[in-house]
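Below is one structure, written out as structure tokens; the observations come after it.
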């Protein structure tokens, strides 16, 4: 539904319009906001946290730190978004009249001390904040002050670890409490309980977990962290996260956790989750989550499109489309992609096989294109001192793995990924999930590959953490300018 690194989806509907928010971790701007009319095709309309006073992520914030698990709701003609900045900001609440923004400055919920906060209002107008644990407290959403005492309201399924991601809904005569449990890896799942009041007591569904792909051979794994929504026609749906592992065993997912969709029916007063959209029978629906179409950016606008994200911050003096009209100008801070304050502007990789290209002028500095998972796991191709070179950072090791003389003037750099076929764990257990090729084009567009690298080293199963790949442009010394950048899917897969 929304491909690439878009985890922890939260959804709400206003009339015919659906709005979706996702986690953003160490990237700025934070919390992408999407709009849809059909629950399948989504357009990013903004980012909720786009000002330093809303989100401050200094260089000390680790990768996979930052902003976790937003909840997006509409109440009293306003949009409400609550999330957690685990790197120091705590639990924070924002409001907006338009989900595309601008969003307010943060209201801090000092008494909510765990991740994954949720908001729900009862018929008396009282606001209930439920969070990982599973605990709950009444709050005044205008001030952030608590209006009661926090208490644990459900422990989840006996024996299941990490009850988290609660969402509370009043549906008919019951309040339903939806949670994720089992941990965010292959054991992830969704369970539900219900009660007559928003604070319980709650009884568990006898069919729990009502969604999990654990111990299956399905293409989509790690399914969990769901949020329910009712369509205008009275049908029910759930958005949830999942991953697409590739290669041999144990399987490596490189795009991060993606947002999926599944239908929901009701039996004996309990929600029943159907098959996720990737294999649904509806013939008009796609066979994979819907990624954004091929994107070409000439940097002609005063501001970057909302899809562009940077690592921790994006000071205007280091990233500008105004210095040279029609070019993106990046001025270096950190000396390489290893540095937590590197000057970088990227977009989420959304296809297992894809191609990214940019025209780079490095006459005043050093920089180029990079595929980033975190500071310790990235590949890049850069131009400097009359040379084009490819470097790889894998854990504690960093090495130049290819080089060639650079042509005079600006040069087109290219990164391509090519996914491995599905189902290789038994017959080819060491197969990489994809190959990442980096190189440059000559004036006639002929692509010279300087290195083809195993993609497993830019995967969550190797690097750890909660994010996915981001492909983009960086400056590591001086000033580097980019005339254009384009991104497009490629046919899958390796033979």
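Got a sec? Which of 212, 235 is in the same structural domain as residue 163 (by TED's automatic domain parsing) and either surrounded by fewer than 21 Cβ atoms within 10 Å (Cβ to Cβ) or in contact (Cβ under 8 Å) with a residue 60 or more places away in the chain (or both)?
Result: 235 is the single residue among 212, 235 that is in the same structural domain as residue 163 (by TED's automatic domain parsing) and either surrounded by fewer than 21 Cβ atoms within 10 Å (Cβ to Cβ) or in contact (Cβ under 8 Å) with a residue 60 or more places away in the chain (or both).
Take the residues in segment 423-472 that are part of a strand (DSSP E or B), in contact with a helix residue (DSSP H, G or I) (Cβ under 9 Å, 6 or more places away or on another chain) and in contact (Cβ under 8 Å) with a residue 60 or more places away in the chain, then tell me which one is nearest to residue 3 (Cα to Cα).
Ranking the qualifying residues of segment 423-472, first place goes to 434.
Tell me yes or no: at least one residue of segment 20-39 is part of a loop (DSSP other than H, G, I, E, B), surrounded by 23 or more Cβ atoms within 10 Å (Cβ to Cβ) and more than 16 Å from the chain's Cα centre (by Cα).
no
Is it true that some residue in segment 45-59 is in contact (Cβ under 8 Å) with a residue 60 or more places away in the chain, within 23 Å of residue 372 (Cα to Cα) and in a strand (DSSP E or B)?
Yes, segment 45-59 contains a residue that is in contact (Cβ under 8 Å) with a residue 60 or more places away in the chain, within 23 Å of residue 372 (Cα to Cα) and in a strand (DSSP E or B).
Each row is one residue, and each column tells you yes or no for (1) surrounded by fewer than 16 Cβ atoms within 10 Å (Cβ to Cβ); (2) in contact with a strand residue (DSSP E or B) (Cβ under 8 Å, 6 or more places away or on another chain); (3) at pLDDT 95 or above; (4) under 30 Å from residue 32 (Cα atoms).
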site	(1), (2), (3), (4)
381	no, yes, yes, yes
390	no, yes, yes, no
398	yes, yes, yes, no
434	no, yes, yes, yes
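Just give me the residues in segment 1-18 being in a strand (DSSP E or B) and surrounded by 24 or more Cβ atoms within 10 Å (Cβ to Cβ), in sequence order.
Passing the criteria: 2, 10, 11.
Scan segment 227-247 and give yes if some residue there is over 24 Å from residue 21 (Cα atoms) and part of a loop (DSSP other than H, G, I, E, B), otherwise no.
yes
The values are calculated or read from the model by the stated rules, or taken from the named source; none is laboratory data. Quick caveat, the model's predicted, so the values are computed rather than measured. Don't worry about glycine lacking a Cβ; one is built from the backbone with ideal geometry, like all the others, and counts go over all protein chains shown.
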